[in-house]
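Q: Mind looking over this structure? Questions follow.
Every read-out reported here was derived from the displayed coordinates using simple, explicitly stated rules and does not represent laboratory data. Fair warning: this is a prediction, and the values are worked out from it, not measured in the lab. With ideal geometry, Cβ positions are generated from the backbone for all residues, glycine too; neighbour counts draw on all protein chains shown.
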Amino acid sequence: MTRTLKEIMDALKLAVSTSGNLLSSRTVAGGYVGDLLSDVLAHAQKGQVWVTLQTHTNIVAVASSKELCGIIVVNGRTPERATLQKAEEEHIPILVSPLSSYDVVARLCELGVTNREGV
Amino acid sequence: MKDSDLNGTLQTPPTQEMIYELRVQQAMTRHVITVAPEETMEDVSRVLEENRHTGMPVIKWQKMVGIVSVRDLMRCFREGRSLQPVSQWMSKDVATLYADEPLIHAVQKFERRGFGRFPVIDRKTKALVGILTKVDIIRCLLRNLEIDYHDLESRQYIPTKWFSELDCDRTTLSFRYHIDGANFEKAGEVSSKLKHNLQALGLPPDAIRRIAIASFEAEVNLVIYTKGGELAARVEPGKVTVSVVDDGPGIPDVERAMQPGYSTAPDWVRELGFGAGMGLPNIKNCTNEMKLESKVGEGTNLQFTVFT
Amino acid sequence: MKLREIIETLQATVVVNDHDQEMVVERACGSDLMSDVLSKLKPKALLLTGLTTPQSVYTAEMADLSVVCYVRGKKPDAETVRLADERGLVLLCTSLPMYESCGRLYRRGLKGDSEA
């Protein structure tokens, strides 16, 4: 079942930090969780939503180069101003959740957001 | 004193858990007397008698080929064949235990197979390393129970009595450690040592956890940003105070540094798993008091207290 | 959730210290960055992480966690294993990515640390 970022935002009650206008159009192909940029660059796949607690500007560059559909920042952290600016420029939606990454993933799975191999 | 009284006051340690935790190698007898298959049962009887054993493994070319017990001996002697070789009387169906198996496996095997002893072999090399009997198990449990009792006693004793028994206006115990800057392999080692010391003193586990976490964060900060520094922990009745000092480079904006998520860590540090910007806020959250002073070019002095 | 159920769910291999398969783990958290783990003070949890350095063991020790499982097919180095062995910390490895690992465990009933 493919969901859009907007559906995810509504279901998980996420706060929008940037590019709110893109949420309805972005479909989510799956999910990736990780905070080590080298891992994300190596394994994340196009169209996945990236769940991370990192908030610095590099996350935008990574999301952009891997063509991820968006970023969910967890633990209620606030992305840095420079990050948000860059995200607007690169059209990368950033959403924020107060929950931990484990709990965000749990809810994404409940919504049916799975990767090709299946959860 | 009835058993129930003892249980009530001393909080018997969980022997059931002990059976899962202790390994066969901790209970077994390492010195194993063995016999070759060509030797006679007469020889065997002499060896068993001298050593007061009830059985022994039969070894040929360093491999265990069987086991011969007192029972085998009795049958043999009853038939008057004591000069026959061991190979004809030994039991070839040998059940063994691995040295690293938990004792519970041994207990289960004893129940299931009804043997009196098990040879113990090394999981990797398959060499014979020892022998285990039921008596060995009991002895090992008793030995560990005694240690546990002492542990319990000392834990109950030290925080309440130790300080008050020493005749002094004020008693403190202090630990000092050096933290190497840029040594990422070892980041956490000092906090780990401090934690063990505090556990040996019998401080409450929750306080120890908070002290350990705060120390760990401070230690990691020193490793990432400085050339090294000193961590000193002072233990007194009611609280532990830790001070972490370095002499550079200093924190330019302390207030910003205290914000969760704010980090000045370079990218390569983040790839090592650090630099999430939670260090100082974590310290603040898990300690009762915290004081941070820093001057660029001179260094940083962090002090925190956890009430015990 | 019990340790053996976790091993089964994640199709994990054990690196060290799996002697108590009935050990109960109450919660799980997933993170590659250790500070994040330390900001929550809930002991007896399972940590899922891609960080295979000694710090993953030290973090587990400070926070009194019971099990560390490395995801994405990552394996801990020798020093990390030695430290874990000394401390009696259970180390597991799974080839599953973090996303699938969290999902599977949650479906089997293992809660995260955001819930009470």
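Q: Can you tell me how many residues within segment B:104-127 are over 25 Å from the mean Cα position of the chain (by Cα) and of a type outside the set (Asp, Glu)?
A: Narrowing segment B:104-127 to residues over 25 Å from the mean Cα position of the chain (by Cα): B:109-119, B:126-127.
Those still in the list that are of a type outside the set (Asp, Glu) too: B:109-110, B:112-119, B:126-127.
The number of residues fulfilling the criteria is 12.
Q: Just give me the residues in segment B:247-260 being part of a loop (DSSP other than H, G, I, E, B) and in contact with a helix residue (DSSP H, G or I) (Cβ under 8 Å, 6 or more places away or on another chain), in sequence order. Outline the logic, then answer.
A: Residues of segment B:247-260 that are part of a loop (DSSP other than H, G, I, E, B), as a first pass: B:247-253, B:258-260.
Residues satisfying the conditions are B:PRO249, B:ILE251, B:MET258, B:GLN259, B:PRO260.
Q: Ok, one more. If we scan segment A:104-112, do we find a residue that is over 25 Å from C:THR49 (Cβ atoms) and out of contact with any Leu (no Cβ under 9 Å at 6 or more places or on another chain)?
A: Narrowing segment A:104-112 to residues over 25 Å from C:THR49 (Cβ atoms): A:112.
Then keep just the ones that are out of contact with any Leu (no Cβ under 9 Å at 6 or more places or on another chain); that gives A:112.
Looking for residues that are over 25 Å from C:THR49 (Cβ atoms) and out of contact with any Leu (no Cβ under 9 Å at 6 or more places or on another chain), one finds at least one in segment A:104-112, hence yes.
Q: Moving to a separate point now. Go through (1) out of contact with any helix residue (DSSP H, G or I) (no Cβ under 7 Å at 6 or more places or on another chain); (2) away from chain C (no Cβ under 14 Å) for B:VAL244 and report which single condition fails.
A: Looking at each condition in turn, B:VAL244 falls short on (1).
Q: List the helices (runs of 4 or more DSSP H) inside segment C:11-116, counting only whole elements, that have at least 1 residues being farther than 16 Å from A:SER100 by Cα and hydrophobic (A, V, I, L, M, F, W, C).
A: Details: elements: C:34-38, C:54-62, C:78-87, C:98-107.
Result: C:54-62, C:78-87.
Q: Let me ask something additional. So which residues in segment B:181-201 are outside any helix (DSSP H, G or I), crowded, with 18+ Cβ neighbours inside 10 Å and not aliphatic (A, V, I, L, M), if there are any at all?
A: If the condition is that a residue be outside any helix (DSSP H, G or I), crowded, with 18+ Cβ neighbours inside 10 Å and not aliphatic (A, V, I, L, M), then B:GLY188 is the only one that fits.
Q: When you scan segment B:72-107, how many residues do you find that are of a type in the set (Ser, Thr, Tyr), under 23 Å from B:ASP136 (Cβ atoms) and more than 14 Å from chain C (Cβ to nearest Cβ)?
A: Initially, segment B:72-107 is screened for residues of a type in the set (Ser, Thr, Tyr), giving B:82, B:87, B:91, B:96, B:98.
Filter once more, so that each one left must be under 23 Å from B:ASP136 (Cβ atoms): B:91, B:96, B:98.
After this cut, where a residue has to be more than 14 Å from chain C (Cβ to nearest Cβ) as well, the list is B:91, B:96.
Within segment B:72-107, residues that are of a type in the set (Ser, Thr, Tyr), under 23 Å from B:ASP136 (Cβ atoms) and more than 14 Å from chain C (Cβ to nearest Cβ) number 2.
Q: Let me ask you something else. Pick out, from segment A:45-119, the strands (runs of 3 or more DSSP E) lying fully within it that include 2 or more residues that are within 9 Å of another protein chain (Cβ to nearest Cβ) and not acidic (Asp, Glu). If you could, list the steps in order and put the result at the bottom.
A: Details: elements: A:48-52, A:70-73, A:94-96.
The strands (runs of 3 or more DSSP E) meeting that bar are A:48-52.
Q: Yes or no: segment C:2-19 includes at least one residue that is surrounded by 24 or more Cβ atoms within 10 Å (Cβ to Cβ) and out of contact with any Gly (no Cβ under 9 Å at 6 or more places or on another chain). Quick ask: steps written out before the conclusion?
A: Our first condition is that a residue be surrounded by 24 or more Cβ atoms within 10 Å (Cβ to Cβ); within segment C:2-19, this holds for C:6.
Adding the requirement that they be out of contact with any Gly (no Cβ under 9 Å at 6 or more places or on another chain) leaves C:6.
Looking through segment C:2-19, at least one residue is surrounded by 24 or more Cβ atoms within 10 Å (Cβ to Cβ) and out of contact with any Gly (no Cβ under 9 Å at 6 or more places or on another chain).
Q: When only residues in segment A:27-44 that are of a type outside the set (Gly, Ala, Ser) and at the interface with chain C (Cβ under 10 Å from one of its Cβ atoms) count, which is nearest to A:SER97 (Cα to Cα)? Spell out how you get there, then give the answer.
A: Applying the first criterion (of a type outside the set (Gly, Ala, Ser)) to segment A:27-44 yields A:27-28, A:32-33, A:35-37, A:39-41, A:43.
With at the interface with chain C (Cβ under 10 Å from one of its Cβ atoms) added as a condition, the list becomes A:32-33, A:35-37, A:39-40, A:43.
Working: A:TYR32: 15, A:VAL33: 14, A:ASP35: 16, A:LEU36: 19, A:LEU37: 20, A:ASP39: 22, A:VAL40: 20, A:HIS43: 23 Å.
Restricting to residues being of a type outside the set (Gly, Ala, Ser) and at the interface with chain C (Cβ under 10 Å from one of its Cβ atoms), the top hit is A:VAL33.
Q: Which residues, counting only those in segment B:64-89, are of a type in the set (D, E, K, R) and either in a helix (DSSP H, G or I) or touching a residue at least 40 places away in the same chain (Cβ under 8 Å) (or both)? Steps first, answer last, please.
A: Here is the first cut: in segment B:64-89, the ones of a type in the set (D, E, K, R) are B:71-72, B:75, B:78-79, B:81.
Matches in segment B:64-89: B:ARG71, B:ASP72, B:ARG75, B:ARG78, B:ARG81.
Q: Check C:LEU92, C:LEU105 and return the single one that is under 18 Å from A:LEU108 (Cβ atoms) and away from chain B (no Cβ under 11 Å).
A: Values: C:LEU92 fails: under 18 Å from A:LEU108 (Cβ atoms).
Every option except C:LEU105 fails the conditions.
Q: While we're looking at this one, here's another question. Among the numbered conditions (1) polar (S, T, N, Q); (2) out of contact with any strand residue (DSSP E or B) (no Cβ under 9 Å at 6 or more places or on another chain); (3) part of a loop (DSSP other than H, G, I, E, B), tell me where A:SER38 comes up short.
A: It fails just one condition, (3).
Q: Something else now. Among the numbered criteria (1) at the interface with chain B (Cβ under 9 Å from one of its Cβ atoms); (2) surrounded by 21 or more Cβ atoms within 10 Å (Cβ to Cβ); (3) more than 12 Å from the chain's Cα centre (by Cα), which one does C:THR80 miss?
A: It is condition (1) that C:THR80 fails.
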